[in-house]
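Undergrad: Below: one structure in structure tokens.
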Amino acid sequence: TLSLGFEDVAKEQFGMLGMMAKFKRDKLSRARSIDIVVTPSQYINHSQEWRLDPARIKIEVDSSRVDIDRLCVSGPKQSLTISGVASRERGDSVLIKLDNFDLSPVSMFTSRVGYDVGARSNGSATIKSLLHEPQIEAQIDLDSINVNGIYAPSQKAVSNWDFEQNRARVFIIDRESRDTTIRGYYQPRGNRYYAATRIKNVPMELISPFL
């Protein structure tokens, strides 16, 4: 059993994480696994409370399979839920559900190249064989989009699997005009990707990080 608390008064951040772990061995296969039970936990940042609801995660010791039983992160009027099986098998999949979920934490990565991004997301994504050449399909609505303080129209992110080319086709579509803003693909084998965009009247502030 683990209970971890932390507090940063200067940054107004507080949290409590709790979990229980148990090592097991299958009687037939003799395979070893770790059963993790997440107990109700919370994180508070500038008076905004985030909760981690009770969940169960089973991990094979050789990391070949991870069972996730409804891992849910929720905040004020928003949530992200992950459930399913992550493995190397095509028959196993992980489902990610987004309910008005704020994507601003993505800025932790994009800010390194000069972009602070934010958006509200609703929809779902299914990832098959997550641990080996994942197959991705998604339908996600994006609202309240802003990049470096500049707002953009609502978009829809769509990913369909191209079985012939063995890659995910990705489209970002303007929900108002129905124009395709970005089209491209992601190929897990070799980690290859491509994207082409058609955006009218792009503010120069959004181009400056490349100059």
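Undergrad: What number of residues within the stretch 40-60 satisfy the criterion of being in contact with a Ser or Thr (Cβ under 8 Å, 6 or more places away or on another chain) and either part of a strand (DSSP E or B) or hydrophobic (A, V, I, L, M, F, W, C) (or both)?
TA: 6
Undergrad: Follow-up. Looking at the stretch 78-93 only, could you name the residues that are open to solvent by 30 Å² or more (accessible area, probe 1.4 Å) and either at pLDDT below 90 or in a strand (DSSP E or B) (or both)?
TA: Leu80, Ile82, Ser83, Ser93
Undergrad: How many residues does the stretch 4-20 hold that are touching a Ser or Thr at 6+ places or on another chain (Cβ under 8 Å), part of a strand (DSSP E or B) and more than 17 Å from Ser74 (Cα to Cα)?
TA: Looking only at that region, the number is 2.
Undergrad: Can Phe163 be described as under 27 Å from Ile59 (Cβ atoms), without any contact (Cβ under 8 Å) to a residue 24 or more places away in the chain, surrounded by fewer than 17 Cβ atoms within 10 Å (Cβ to Cβ) and among the aromatic types (Phe, Trp, Tyr)?
TA: no
Undergrad: Within the stretch 24-37, can one find any residue that is open to solvent by 90 Å² or more (accessible area, probe 1.4 Å), touching a Pro at 6+ places or on another chain (Cβ under 9 Å) and not in a loop (DSSP other than H, G, I, E, B)?
TA: No, because not a single residue in the stretch 24-37 is open to solvent by 90 Å² or more (accessible area, probe 1.4 Å), touching a Pro at 6+ places or on another chain (Cβ under 9 Å) and not in a loop (DSSP other than H, G, I, E, B).
Residue-by-condition table, conditions (1) of a type in the set (Asp, Glu); (2) modelled with pLDDT of 95 or more; (3) in contact with a Ser or Thr (Cβ under 6 Å, 6 or more places away or on another chain):
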| residue | (1), (2), (3) |
| --- | --- |
| Met108 | no, no, no |
| Val117 | no, no, yes |
| Ala125 | no, yes, no |
| Gln139 | no, yes, no |
| Asp162 | yes, no, no |
| Ile172 | no, no, yes |
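Undergrad: So how many residues does the stretch 94-106 have that are open to solvent by less than 40 Å² (accessible area, probe 1.4 Å) and in contact with a Ser or Thr (Cβ under 7 Å, 6 or more places away or on another chain)?
TA: Within the stretch 94-106, residues that are open to solvent by less than 40 Å² (accessible area, probe 1.4 Å) and in contact with a Ser or Thr (Cβ under 7 Å, 6 or more places away or on another chain) number 2.
Undergrad: A further question follows. Which residues, taken from the stretch 143-153, are part of a strand (DSSP E or B) and at pLDDT below 95?
TA: Hits for the stretch 143-153 are Ser144, Ile145, Asn146, Val147, Ile150, Tyr151, Ala152.
Undergrad: Does Ala138 satisfy being in a strand (DSSP E or B), open to solvent by 70 Å² or more (accessible area, probe 1.4 Å) and in contact (Cβ under 8 Å) with a residue 12 or more places away in the chain?
TA: Considered against the rule, which asks whether it is in a strand (DSSP E or B), open to solvent by 70 Å² or more (accessible area, probe 1.4 Å) and in contact (Cβ under 8 Å) with a residue 12 or more places away in the chain, Ala138 comes out as no.
Undergrad: Look through Arg198, Arg178 and report the one residue that is modelled with pLDDT of 90 or more and of a type outside the set (A, V, I, L, M).
TA: On inspection, the qualifying residue turns out to be Arg178.
Undergrad: Also: Any residue in the stretch 106-129 that is assigned to a loop (DSSP other than H, G, I, E, B), out of contact with any helix residue (DSSP H, G or I) (no Cβ under 6 Å at 6 or more places or on another chain) and either farther than 26 Å from Glu49 by Cα or β-branched (Val, Ile, Thr) (or both)? Let's see the steps before the verdict.
TA: First pass over the stretch 106-129, keeping only residues assigned to a loop (DSSP other than H, G, I, E, B): 114-116, 129.
Next, only the ones that are out of contact with any helix residue (DSSP H, G or I) (no Cβ under 6 Å at 6 or more places or on another chain) stay: 115, 129.
From the residues that got through so far, the ones that are either farther than 26 Å from Glu49 by Cα or β-branched (Val, Ile, Thr) (or both) too are 129.
Scanning the stretch 106-129, I find at least one residue that is assigned to a loop (DSSP other than H, G, I, E, B), out of contact with any helix residue (DSSP H, G or I) (no Cβ under 6 Å at 6 or more places or on another chain) and either farther than 26 Å from Glu49 by Cα or β-branched (Val, Ile, Thr) (or both), so the answer is yes.
Undergrad: Would you mind stating whether Lys156 is modelled with pLDDT of 90 or more and within 29 Å of Pro76 (Cβ to Cβ)? Give the derivation first.
TA: On the way: modelled with pLDDT of 90 or more: yes; within 29 Å of Pro76 (Cβ to Cβ): yes.
The answer is yes for Lys156.
Quick grid of which residues meet (1) within 22 Å of Ile68 (Cα to Cα); (2) surrounded by fewer than 16 Cβ atoms within 10 Å (Cβ to Cβ); (3) of a type in the set (Asp, Glu):
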residue	(1), (2), (3)
Arg120	no, no, no
Ser124	yes, yes, no
Arg175	no, yes, no
Arg178	no, yes, no
Thr181	no, no, no
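The values are calculated or read from the model by the stated rules, or taken from the named source; none is laboratory data. Just so it is clear, the structure is predicted and the values come from calculations on it, not from any experiment. Counting neighbours? That spans all protein chains shown, and the Cβs are built from the backbone with ideal geometry, glycine included. Protein only, heavy atoms only, side chains kept; ligands, DNA and RNA dropped before computing areas. Shrake-Rupley method; radii C 1.70, N 1.55, O 1.52, S 1.80 Å.
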